[in-house]
Structure formats: structure tokens, C-alpha cells
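Asker: Have a look at this one.
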Amino acid sequence: MRVLILLFLVQLMFLQSCDQQPSDQLKLDTIQHVLVIGVDGMSPDGIQQAHTPHLDRLRTEGAYTYQARAVLPTSSSPNWASMIMGAGPEQHGITSNAWARDDFTLPTNAGDEKGFFPTIFTLLHDQRPEAEVGAIYHWKDFGRLFDSTHVTYNQAPASEEETAAVAAQYIKEKKPTFCFVHLDHVDGAGHSKGHGSPTYYEAVSKADSLIGELLMAVEEAGMEESTLIIVTADHGGLGFGHGGESPEEMLIPFILWGKSIKKAYSIASTVNTYDNAVTAAFALQLEIPLAWIGRPVKEAFQGSPVPKIKYPVKKLVRMPIIHPKKIGFEQAGGLFVDSLPTLNISNPNEEGEVRYTLDGTSPDKASAIFTSPFPLQQTAIVKTAIFEGDKKLSKDVTGYFRVHQPTPAHGIRYKSYIVEGMEKLPDFVSLKPASQGNTYEYSLDHLDLPQLEQIAVTMEGYIEIDVAGPYQFYIASDDGSQLWVNDQLVADNDGNHGVIERSGTIELPKGRHLLNVKWYNSGGGMGLFTYYKGPNTPKQLIPAEKLYLRNDK
């Protein structure tokens, strides 16, 4: 009798366990197709600031987080690879954009005989060989990251418009089990005009429009009820680039949409870019390889419980914004001639308060709280950060406001020269100026330049030193530049390159000193910024009020 009772209890427990299978597993039966749309360089800020009705719809009808993270370095190849491989650079070995299958530093820790780390395409090829699988990508180098024999459709169109059109037609004709679409133009806008620039936000809006075309294709293909759509990015950006560790570069959007996905749901757990492939594989009920380290974002699926999170997601706090807004490598603030600037600082976060200083010192818990805009009566070095009570949550942001009431003695002289094919500063002695005149500061603002490429400029004036001592001069430029004081080369930043900064130190007595700056731009982006610091002088853009045309009073 005891044996019969024991068997009955075991059978009852088995039946109950069958009835209590996780409901999210049952919901997966409705997913027959997965579409991943990756937008190169599209940050959460881009979506929040641009006009994005289609992305807004996916977010409000689906699950999302704006706190997903890229992998380091925040370059394209490591992140696109991680997105399709379910693992990071430490595993797949793609650590830079210079990676090639026959030229790398770190070997993959798992792979096939061709040297490929397993991708989501590999899983479909091995486990569902009959599946229709497509990869359509605007950035052609994406194609080197996976085995092309693992997809049934492989295209690299020449533009973002063509990429969306080809992908839309493919979706309608083939109804793929899995399709990966890559759009590259937002990253291009960030590199050319700066992340956070009007051009960048316009590019995000265009991406949204192209995503709308793909959504329409899914609907016209009759796949809307059975498709999971994932929208994400490889990285964000800062200035004209990316690759670093800042929140602006690290944070990416992660949006899921479909019948099986919770509605208007904010994902509570951590999400990393390598969770993308694992979530797609989970949705298609594929076996996930042990080589992958990512986790499926199960909580986004209908029927899955909200996780009990002991260690909540640490939101990366964005830095405050000083207006006029810094775009690219331009500096916040500006030169105000015969006028007073208005200081306005905004908090791009949903929490925290803005504290600031006007003397170039780093703000702390005792610094003033910014409440409303107000006029600045004199030149100020504004430093600001986000605080929560006594705790600083963000890095400092600096704005340089120069209030200038010029006299006939103020200013510097400049000359511009047209020189083709420069790879370093030219010999100016034999060149004839294309334009010349006077300006306020050692910058590219207020110059009458006949063209912006294949152009070189010299600037000469005198800087007033009020306190004797060592002074450090800095010059940041794209392309090359040099800074000379009293005919001595203090900072050498010559050669073709993006905006980088070089500096040097010189001992100066009180009085005026000859300051020469040379700069050129061979092509592409351009920029020139000069700073100094010394006794009782915090690092700042060299202000117009300290610059003179002659060495006399």
C-alpha cells in the first residue's frame, strides 16, 4: 500500500510540474520570424531628441531599455560581432576595426575550421538548415564577421535607402525565419557633423523612416502576428567619434516588439549587446551554444514574471548640457562681443540636480544649484555636474564664456593660404595669402576663409601675462597645428589627424608676449582650439580680452 501511495504522489508531482511550465516558453510558439534592425551609432539621446514616430510606436507597444550597454572598445566591429555572436571580444577575439580573419591579435576561444566564432547565422544553419536567413547591411565590412555560407541571402547595398528597400523586398518575397538589417548613415552623420548636432538628429529621423518601411514590409508579408522585431545599435558617440568609455558612447537602445512581447514595458534587468543574439535564438527555440555568454531578455516576453532584482540596474547618468550646446569638438559657451551671454544649463536625466561654478573649479556639494537662466557679467569658466544630494553622479562639463569689449588695440592678425595635398604645415614664407585680416581669438571663428579644405592659416598677436611664472599652452586641432611663444615652439601638433591635443610649458615674465599659431586642414573635418593655464589662471580658452595687436600699451 505504501508503495502505491508513493507512486501516486510521484505521478501527481510530475503532472503538476507539467502544468507549471513557464508560460513564456509557451508564448514562443507564436514566433516564427525574427527581424533584427541595427542602426550604427544611434544613441538613446538620438531617439529621444529626434522625430521618431516608428521607434516611439515600437517602444510603447513593446519592451525597451535605454540603458543597454555596448562592449569595449565602443568601435563598430567588436560590437557588431558581439551582437551576432552572443559573446564579447574576450571570447570572439574581434577587438578592433582592423580585425581580419587572417590578421588578428587575440584568437577566438571557440570556432569552426574556417576560424569563425559561432553566430546566430551559424545556429540557424546547423539547427534549421531549411530556414530562410538573410543579412542586408549598409556597412560592407559587416560581411567579414560571419560565414557567408550560413545565410541564404547576403547583400551589401550602397546606401541606407537602398538597404531598406532591398530588405523590405526580401521580407515580402521570402518571409525569412531570420533577417538582420544594418543601417550605417547615422554613424556617418556623427563622424562628419558631430553626435548631438542637427545633422545627427536628422539622420536618426531618417533611420526611423527607413525602419517604418521595414515594418510595412512585415505587415504586407502577413508576418506581423508571428514576428519578433529587435531594434538596437552598436554604440553611441561623443564629439565626432566613439571608442571610449563614456556613457554617451556606451549606452545603446534595445527595443523588442511583437505579439509575444509585453506592452510599454521598461526592462528592469541589465542588457548587453551580446544578449541580442541569445534573445533571438531563445525566441526561435534554438539550442544556445556554451561558447555564448549572453542571456536572453526573458522578462520582456508575455507571461514571464518581473524579475526580483537584488542589485538594480545602475543608470548611467548623462552629463548636464551647457547652452549654447557643445556640438562635436566645439566648446560650450562662446565669444560675446559687446554683449552679455545668458547662462543656461539643462539636465538631460530624469533625476538629480545641476550644481555649477563660474571660476573653473570642479563643483562639489557646496556649489550653487542651477535653477534658471541668468546673465553673465564677465568672462567665466563654467563647470557643472549632476548631483543627488551630496553625491556627484556625472563627470564635469565645461563651458567657456568670453565677454569682450574690444578696443582698437585688441585683436590678432591672420592670413590664409590655399595649398593642395598637405600632409603637414607648409613653408609659409614662399606662399601668397588668399585672405587676411584681424580677428578676436586664436580660433577658426570670425575668419574670412576662401575655402575650408586645402587651406592653411597663420595667426599672430600678443598675449598679456599678468603674473610671472610657468604657463602651459595647449593646442587642439584637426588637422595639424603649432603654437609658438616668443618664436619658441611650445606645442607641436603637426600632421594629418582628427582633433587631438598637444601642450607645452614656458616660463614667462609679466607683460606682453608674441604668440603665433599655425594651422592647416587637408580635408574632411576641421577644428582649432587654443588654451592656457598658469599662476592664478585655470585652464581655459585663451580669451580675447588678453590678446593685442602690438607689444605696447
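Condition check ((1) at pLDDT 95 or above; (2) farther than 27 Å from residue 200 by Cα; (3) surrounded by 21 or more Cβ atoms within 10 Å (Cβ to Cβ)) across all residues:
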| residue | (1), (2), (3) |
| --- | --- |
| 283 | yes, yes, yes |
| 288 | yes, yes, no |
| 297 | yes, yes, yes |
| 316 | no, no, no |
| 364 | yes, yes, no |
| 390 | no, yes, no |
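Asker: Next up: Out of curiosity, is residue 172 assigned to a loop (DSSP other than H, G, I, E, B) and either in contact (Cβ under 8 Å) with a residue 12 or more places away in the chain or surrounded by fewer than 22 Cβ atoms within 10 Å (Cβ to Cβ) (or both)?
Answerer: Judged against the criteria, residue 172 is not a match.
Asker: Kindly provide the set of residues from region 476-531 that are surrounded by fewer than 18 Cβ atoms within 10 Å (Cβ to Cβ) and touching a His at 6+ places or on another chain (Cβ under 7 Å), ordered by number.
Answerer: Within region 476-531, 486 is the sole residue that qualifies.
Asker: If I filter region 384-435 down to residues being assigned to a strand (DSSP E or B), among the aliphatic types (A, V, I, L, M) and within 27 Å of residue 357 (Cβ to Cβ), which single residue comes out as nearest to the chain's Cα centre (by Cα)?
Answerer: The residue in question is 397.
Asker: Checking residue 296 against (1) in contact with a helix residue (DSSP H, G or I) (Cβ under 6 Å, 6 or more places away or on another chain); (2) in contact (Cβ under 8 Å) with a residue 60 or more places away in the chain; (3) assigned to a loop (DSSP other than H, G, I, E, B), which test does it fail?
Answerer: (2)
Asker: Go through (1) surrounded by fewer than 17 Cβ atoms within 10 Å (Cβ to Cβ); (2) in contact with an Asp or Glu (Cβ under 6 Å, 6 or more places away or on another chain) one by one and return the number of the condition residue 425 breaks.
Answerer: With (1) surrounded by fewer than 17 Cβ atoms within 10 Å (Cβ to Cβ); (2) in contact with an Asp or Glu (Cβ under 6 Å, 6 or more places away or on another chain) applied to residue 425, the lone miss is (1).
Asker: Taking region 334-356 on its own, how many of its residues are aromatic (Phe, Trp, Tyr) and within 17 Å of residue 320 (Cβ to Cβ)?
Answerer: Within region 334-356, residues that are aromatic (Phe, Trp, Tyr) and within 17 Å of residue 320 (Cβ to Cβ) number 1.
Asker: Out of everything in region 520-547 that is touching a strand residue (DSSP E or B) at 6+ places or on another chain (Cβ under 7 Å) and assigned to a loop (DSSP other than H, G, I, E, B), what residue ends up being farthest from residue 433 (Cα to Cα)?
Answerer: For region 520-547, the residue satisfying everything is 535.
Asker: Continuing with this model, one more query. (1) in contact with a Ser or Thr (Cβ under 9 Å, 6 or more places away or on another chain); (2) charged (D, E, K, R); (3) buried (at least 24 other Cβ atoms within 10 Å of the Cβ); (4) closer than 30 Å to residue 219 by Cα: which one isn't true of residue 275, the others all being true?
Answerer: (1)
Asker: May I ask you to verify whether residue 490 is of a type outside the set (Ser, Thr, Tyr), in contact with a Gly (Cβ under 7 Å, 6 or more places away or on another chain) and without any contact (Cβ under 8 Å) to a residue 24 or more places away in the chain?
Answerer: For residue 490, the condition - of a type outside the set (Ser, Thr, Tyr), in contact with a Gly (Cβ under 7 Å, 6 or more places away or on another chain) and without any contact (Cβ under 8 Å) to a residue 24 or more places away in the chain - is met.
Asker: Moving on. Going by what's in this entry, would residue 164 be described as over 26 Å from residue 74 (Cα atoms) and either over 22 Å from the mean Cα position of the chain (by Cα) or hydroxyl-bearing (Ser, Thr, Tyr) (or both)?
Answerer: no
Asker: Can you name every residue in region 261-281 that is among the β-branched types (Val, Ile, Thr) and in a helix (DSSP H, G or I)?
Answerer: Those that are among the β-branched types (Val, Ile, Thr) and in a helix (DSSP H, G or I): 278, 279.
Asker: Can you tell me which of (1) part of a loop (DSSP other than H, G, I, E, B); (2) surrounded by 18 or more Cβ atoms within 10 Å (Cβ to Cβ); (3) among the β-branched types (Val, Ile, Thr) is the one residue 381 doesn't meet?
Answerer: All conditions pass for residue 381, except number (1).
Asker: To continue, here is another question. Sort through 457, 517, 490, 467 and tell me the only one that's of a type in the set (A, V, I, L, M) and either at positive phi or assigned to a loop (DSSP other than H, G, I, E, B) (or both).
Answerer: 467
Asker: For region 91-145, which positions are among the charged types (D, E, K, R), more than 16 Å from residue 289 (Cβ to Cβ) and part of a helix (DSSP H, G or I)?
Answerer: Across region 91-145, the qualifying residues are 140, 141, 144.
Asker: Looking only at region 309-364, count every residue that is of a type outside the set (S, T, N, Q) and in contact (Cβ under 8 Å) with a residue 60 or more places away in the chain and tell me the total.
Answerer: Counting residues in region 309-364 that are of a type outside the set (S, T, N, Q) and in contact (Cβ under 8 Å) with a residue 60 or more places away in the chain gives 27.
Asker: Between 189, 165, which is surrounded by fewer than 20 Cβ atoms within 10 Å (Cβ to Cβ) and in a helix (DSSP H, G or I)?
Answerer: Being surrounded by fewer than 20 Cβ atoms within 10 Å (Cβ to Cβ) and in a helix (DSSP H, G or I) holds for just one of 189, 165, which is 165.
Asker: Within region 92-124, can you find the residues that are surrounded by fewer than 21 Cβ atoms within 10 Å (Cβ to Cβ), under 26 Å from residue 181 (Cβ atoms) and touching a residue at least 40 places away in the same chain (Cβ under 8 Å)?
Answerer: 97, 100, 101 - these are the residues of region 92-124 that are surrounded by fewer than 21 Cβ atoms within 10 Å (Cβ to Cβ), under 26 Å from residue 181 (Cβ atoms) and touching a residue at least 40 places away in the same chain (Cβ under 8 Å).
Asker: Do we have any residue at all in region 443-451 that's touching a residue at least 12 places away in the same chain (Cβ under 8 Å), surrounded by 16 or more Cβ atoms within 10 Å (Cβ to Cβ) and more than 14 Å from residue 519 (Cβ to Cβ)?
Answerer: No: region 443-451 contains no residue that is touching a residue at least 12 places away in the same chain (Cβ under 8 Å), surrounded by 16 or more Cβ atoms within 10 Å (Cβ to Cβ) and more than 14 Å from residue 519 (Cβ to Cβ).
Asker: Which count do you get for residues in region 126-147 that are over 12 Å from residue 184 (Cβ atoms) and in contact (Cβ under 8 Å) with a residue 12 or more places away in the chain?
Answerer: Residues meeting the conditions: 12.
The values are calculated or read from the model by the stated rules, or taken from the named source; none is laboratory data. These numbers come from a predicted model, not from an experiment. Glycine also receives a Cβ, built like all others from the backbone with ideal geometry; neighbour counts cover every protein chain displayed.
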